[in-house]
Amino acid sequence: MKLYIIGAGPGDPDLITVKGLMHLQEADVVLYADSLVNEELIAKAKPSAEVLKTAGMHLEEMVNVMADRIRQGKKVVRVHTGDPAVYGAIMEQMVLLKQHEIGVEIVPGVSSVFAAAAAAQAELTIPDLTQTVILTRAEGRTPVPEFEKLRDLANHHCTIALFLSATLTKKVIKELIDAGWSKETPVAVVYKASWPDQKIVRSTLEHLDEDMRTNGIRKQAMILAGWALDQNIHDKNYRSKLYDKTFTHGFRRGMKE
């Protein structure tokens, strides 16, 4: 007995994996987060499939439904937005499913952080500038662990991708500035990355809250902050060693200047 957890991708129905789409089209029962997953994707399920929206369900209710259908011998697919491994709340489902003696197969998906970077035409890791990306969120009603406060993470001065933080921009600004970030640090905010109504807002740390308020963005937004988001980065000579003609590696011998 098995549940299939599938990453639907960030919004564009074409950004699901081939494997994820195959499981979706084979499913007898499809449960999906209707507040976030594109209806066009769910429409690809077979006509006979039982399709259940889960935004109004609590955890136990949802797991009981999945367990019941699986025991009936049906193929059940749970469709999550983005990639299930990041803020997917899948572990709590797996714990309860284990109590039902039901296994899980997870199919990864395209995370909104990478869809947002693609929309902003940004490489989040730039040689000699930043080689680290921190995926996190600002602390709101739900606390973060003691050693993961945003200010402490920001001390690394690398690229930071902020999930679930669109209503907490004042706190974001304060935490990053307290960590020594310049007010001029570039920020790209991508609202509903890959959806038809996607919106990209270019800002700086100092003006982030104002620019998001002006554009009416207070949910479903990825905030990418750091100098990798500099709009003028193309004018600077940051290059990797990977394609450097003077650099020798296992597949190419470097040339002398």
Mind checking which lysines have their C-alpha under 22 Å from residue 98, skipping anything on the same chain fewer than 8 residues away? 2, 74, 75
Taking 7 Å along the Cα-to-C-beta vector as the label spot, tell me the residue 71-residue 96 distance in nanometres, rounded to one decimal. 1.4
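Using 0.36 nm per residue of separation minus the Cα-Cα distance, give me the extension gain between residue 89 and residue 1 in nm, one decimal.
29.6 nm
Leaving out ligands, DNA and RNA, what percent of the accessible area of the range 89-167 is carbon and sulfur, probe 1.4 Å? Intermediate values should be presented prior to the final figure.
Values: 2360 of 4450 Å².
Carbon and sulfur: 53 percent of the exposed surface of the range 89-167.
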Calculated FRET efficiency, residue 26 and residue 57, Cβ-Cβ r, R0 25 Å, to nearest 0.05? 0.60
With labels modelled as points extended 7 Å from the Cα through the Cβ direction, what inter-label distance (nm, one decimal) is found for residue 155 paired with residue 141? 3.1
Hits among lysines - C-alpha to C-alpha of residue 256 under 25 Å, sequence gap 8 or more where chains match: 236, 241, 245
How much of the DSSP beta bridge set in the range 2-107 is antiparallel, as a percent to the nearest 5? 5
Which far-off residues, 5 or more places away or on another chain, put their amide H under 5 Å from the one on residue 107, with H placed in the peptide plane? 5, 6, 7
Calculated from DSSP H runs of 4 or more alone, at -39500 (n - 2.57) each and per residue, what is the 222 nm mean residue ellipticity of the chain, nearest 500? -7000 deg cm²/dmol
Label residue 183 and residue 215 with points 7 Å out from Cα along Cα→Cβ: what is the distance between them in nm? 2.1
Counting pairs on different chains as well as pairs 8 or more places apart, how many Lys pairs in the range 112-235 have Cα atoms under 19 Å apart? 10
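Dividing the Cα convex hull volume of the range 2-107 by residue count, how many Å³ per residue is that? Could you put the intermediate results ahead of the total?
Working: hull volume 9.0 nm³, N = 106.
Given the Cα convex hull of the range 2-107, per-residue volume reads 85 Å³.
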Cross-link candidates for residue 46: which aspartates and glutamates have Cα within less than 18 Å, leaving aside residues fewer than 8 places away along the same chain? 14, 26, 28, 34
Expressed as a fraction of 2.2 N^0.38 Å, the rule-of-thumb size for a compact globular protein of N residues, what is the C-alpha radius of gyration of the range 112-235? 0.97
With the Cα gyration tensor of the chain giving a ≥ b ≥ c as the square roots of its eigenvalues, does the rule (a/c under 1.5 for rounded; else a/b larger than b/c for prolate; else oblate) give rounded, prolate or oblate? prolate
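Could you do me a favour and compute the accessible area per residue for the range 17-71, 1.4 Å probe, result in Å²? Please report the intermediate quantities before stating the final value.
On the way: 2780 Å² over 55 residues.
Spelled out: the 1.4 Å probe surface of the range 17-71, per residue, equals 51 Å².
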Cβ-placed point charges (K, R +1; D, E -1), dipole of the range 1-129 about Cα centre in debye, nearest 20: 500
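The values are calculated or read from the model by the stated rules, or taken from the named source; none is laboratory data. Bear in mind that the values here come from a model prediction, so they are computed numbers and not experimental data. No Cβ is skipped: glycine too gets one built from the backbone with ideal geometry, and neighbour counts run over all protein chains shown. We work out accessible area using only protein heavy atoms, side chains counted, and drop any ligands, DNA or RNA first. Shrake-Rupley method; radii C 1.70, N 1.55, O 1.52, S 1.80 Å.
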